[in-house]
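Down below is the structure, laid out as structure tokens.
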Amino acid sequence: MAEAAVKPQRGIAIPTRGFVIAGALALSACVRPSGPPPEPVRPGPGPVTSPSGPVRPGLPEEDLERHRVALLVPLSGVNAGVGRSLANATQLAILDTKTENVRITTYDTATGATNAAQRALADGNKLILGPLLAEDARAIAPLARRANVPVLSFSNDTSVAGNGTYIMGYAPAQSIERVVDYARRTGITEFAGLMPTGLYGERASTAFLRAVEGAGGKVTALETYNRGAPAMNAAIARLARSPFQAVLIADSASGAVTAVPGIRRANASARVLGTELWNSDSGIGGMTQLNGGWFASVSNSYYRQYAAKYRARFGAAPYRLSTLGYDAVLLTVRIGRDWRPGSNFPGGRLTDSGGFSGIDGPFRFGRDGVAERALEVQEIRGGTTVTVSPAPQGFGK
């Protein structure tokens, strides 16, 4: 367990709807997906402030004027790099917002998420940020619900959302809907899908079929494959029997690179489409095999500034999804203005229809607990990515 104890520093001011956090990358408001998403591409280990001593259950006297917030992430084991990057991001958010009335205590979920949640609740925390994995979020949900403590999980698995658990992760269905809608607006009517086997592929297939139907297009072929080039090439050969103008590859950017040669042989003019997974690869722009490919994701407009600040402080690049930790703290600070220390977190504020805005752009939680995000469409072009359809500045815009 570790405490965030940091001195405020100057940040980057970004105005939002009627609200600016002084000096911050401001706020007005993955689980590893089950299936084929890639391993995080850039290591983000960095220091997590150590506690000065053991934290005893209950609110220490000196913390009666501070909000107690728990951060549940893996600090050891195979996901330690991601967990530490998330923990560092929350520290950076505290610094940038110059927040003094929020105390964040970090608990290691690698030794058991349920145990970590029990300790967090015993220590008097009124809000839980994390955990990272869907199975951990599912495990702690009953404990948090009984204590009336909301959970803001970093998972993207929509099946764990609801009843006090909110997921901040990038839901695949939303990115698929966005890129399909954009493709349809450019005149593409015939779509093919190439999906890996497993839960992620199954959910991507369902989202793809719904998205194409909703956009007024037609799915001419949908093939699945076990991971690996031989199975993928066999699936592409089956796709080639049907006409298509675009093909969605629900795999990592590196997986899509493996698929493209076969797709080009089958249909040289077909547009290649990807999912939010592509944005997690820092080298995506340089993957020349994917030139002309489109994918939808959260905006990177503020991410580069954030990543530079993160590297300057922690000496390493952040994981892309570490922004979820940063934005979760900014959300907490925003709502915290109307939250009395020691009282229950005002969870009803999480579903404000106007939503919130952070480094990853506008987002809002539906009644189902899933974060709806404003996404942009990017094209891979000439060694970089170019935004071809900007993300909306807010909802209903």
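No value in this document is a laboratory result; all are computed from the given coordinates. Predicted model, so just to flag it, every value in this text is computed and none were measured. Here the Cβ positions follow ideal geometry from the backbone for every residue, glycine too, while neighbour counts run over all protein chains shown.
Structure data summary
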| item | result |
| --- | --- |
| Test item: Cα-centred dipole of the stretch 128-280, Lys/Arg +1 and Asp/Glu -1 on Cβ, debye | 280 |
| Sequence ranges 105-112, 367-374, ranked by mean other-Cβ count within 10 angstrom, highest first | 105-112, 367-374 |
| Neighbour-count ranking [beta-carbon atoms within 10 angstrom, fewest first] of I188, I380 | I188, I380 |
| Gain in span if fully extended, D338 to T288, counting 0.36 nm per residue against the direct Cα distance | 13.0 nm |
| Point-charge dipole on Cβ atoms (K/R +1, D/E -1) for the stretch 279-396, about Cα centre, debye to 20 | 440 |
| Estimated vicinal HN-Hα couplings, Hz - the stretch 325-333 in sequence order (Karplus 6.51, -1.76, 1.60; Gly, Pro = x) | x, 4, 5, 5, 5, 4, 4, 4, 5 |
| Order of I359, I249 - criterion: other Cβ atoms within 10 Å of each residue's Cβ, fewest first | I359, I249 |
| Per-residue Cβ neighbour rank within 10 angstrom, fewest leading, E276, E376 | E376, E276 |
| In Hz, Karplus ³J(HN,Hα) per residue of the stretch 168-182 (6.51, -1.76, 1.60; θ = phi - 60°; x = Gly, Pro) | 9, x, 7, 6, x, 4, 5, 5, 5, 4, 5, 6, 5, 4, 5 |
| Relative contact order [Cα under 8 Å, 6+ residues apart], the stretch 265-305, whole percent | 48 |
| Rounded to 5, the percent of DSSP beta bridges in the stretch 155-247 classed as antiparallel | 10 |
| Positive-end residue, the stretch 99-244 charge dipole about Cα centroid, Cβ charges, pick of I104, T158, A137 | T158 |
| Hz values of 3J(HN,Hα) by residue in the stretch 94-105 - Karplus curve (6.51, -1.76, 1.60), Gly and Pro given as x | 4, 4, 5, 8, 6, 7, 10, 9, 10, 10, 10, 10 |
| Dipole magnitude of the stretch 313-369 about its Cα centre (Cβ charges: Lys, Arg +1; Asp, Glu -1), debye to nearest 20 | 120 |
